[in-house]
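Enquirer: Before I ask anything, let me first share the structure, which is written out below as structure tokens.
Please treat every number below as a calculation from the coordinates, not as lab data. What you are looking at is a predicted structure, and each value in this text was computed from that prediction instead of being measured. Don't worry about glycine lacking a Cβ; one is built from the backbone with ideal geometry, like all the others, and counts go over all protein chains shown.
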Amino acid sequence: MTQVLMVIAPEVFRDEEYAHPREVLESRGATVVTASRSAGVCQGKLGMTVEATVSLADVEAADYDAVVFVGGGGAQVYFDDPVAHALAQEADRLGRVVAAICIAPSVLAHARLLHGVRATAFPSQKEDLAEHGAIWTDGPVEVDGRIVTANGPDAAYDFGLAISEALGLP
């Protein structure tokens, strides 16, 4: 069974950037686990509430086939978070799919995972990604090896499809 970890901010994660990829992944047979800074209820920008069942500090990258960072303004809490960086780096080292949408690709950039990698994000992050060595593509979804990035809510469904394809899900 394919296991996917979705990392959301405690507050102001982007609802559809969580809901649409999760729906796609689950419809294709993946099991999705939600993590945040701590276990408990997280609040989306548009009013969605989600129960994070695990604290980021308690996550083992080896337990998941993919680690997905969800965007929204709250995702800034992970830009310079050493726990989030370590999780992304370990998932990458283990050959897992590592994905981020909206402003969350900056988490991957700050974790030094986007140097020389084609990536996209919400336009406000273009300079940040470039400063960290990413090759900016400006498209809605970008796949470079096992790294999947997307630019925002309008790309959320296609982001889920790209992650599914990277995982080899039907």
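Enquirer: Once you put a point 7 Å from the Cα of Gln3 and another 7 Å from the Cα of Thr49, both along the Cβ direction, what distance in nm separates them?
Expert: Going from the Gln3 label point to the Thr49 one covers 2.8 nm.
Enquirer: Charges only on Cβ, +1 for Lys and Arg, -1 for Asp and Glu: so what's the dipole of the chain about the Cα centre, in debye to the nearest 20? Write down the numbers at each step before the final one.
Expert: Values: 11 positive and 24 negative charges, 29 e Å.
Approximately 140 debye in magnitude.
Enquirer: Let me ask something additional. What FRET efficiency do you get for Ala62 and His115 if R0 is 22 Å and r is their Cβ-Cβ distance, rounded to the nearest 0.05?
Expert: Details: r = 24 Å, r/R0 = 1.08.
Once the sixth-power term is evaluated, E becomes 0.40.
Enquirer: Sticking with this structure for a sec: So for the stretch 72-170, averaging the separation of alpha carbon pairs under 8 Å that are six or more residues apart and normalising by length, what relative contact order in percent results?
Expert: Numbers: 181 pairs, mean separation 25.0, N = 99.
Once divided by the residue count of the stretch 72-170, the mean separation gives 25 percent.
Enquirer: Within 13 Å, Cβ to Cβ, of Asp144, how many net charges do the neighbouring residues add up to if Lys/Arg are +1 and Asp/Glu are -1? Walk me through the numbers before you get to the answer.
Expert: Values: positive: Arg118, Arg146; negative: Asp92, Glu142.
Here the charged neighbours net out to 0.
Enquirer: Amide H neighbours of Gly152 under 5 Å, at least 5 residues apart or on other chains, H built in the peptide plane: list them.
Expert: Result for Gly152 returns Cys102.
Enquirer: Quick check on the chain: of the DSSP beta bridges with both residues there, what percent are antiparallel, nearest 5%?
Expert: Working: 8 of 31 bridges.
Within the chain, antiparallel bridges account for around 25 percent of the total.
Enquirer: Follow-up. What nm distance separates the two modelled labels at Ser27 and Gln76, each placed 7 Å from Cα along Cα→Cβ?
Expert: 3.4 nm
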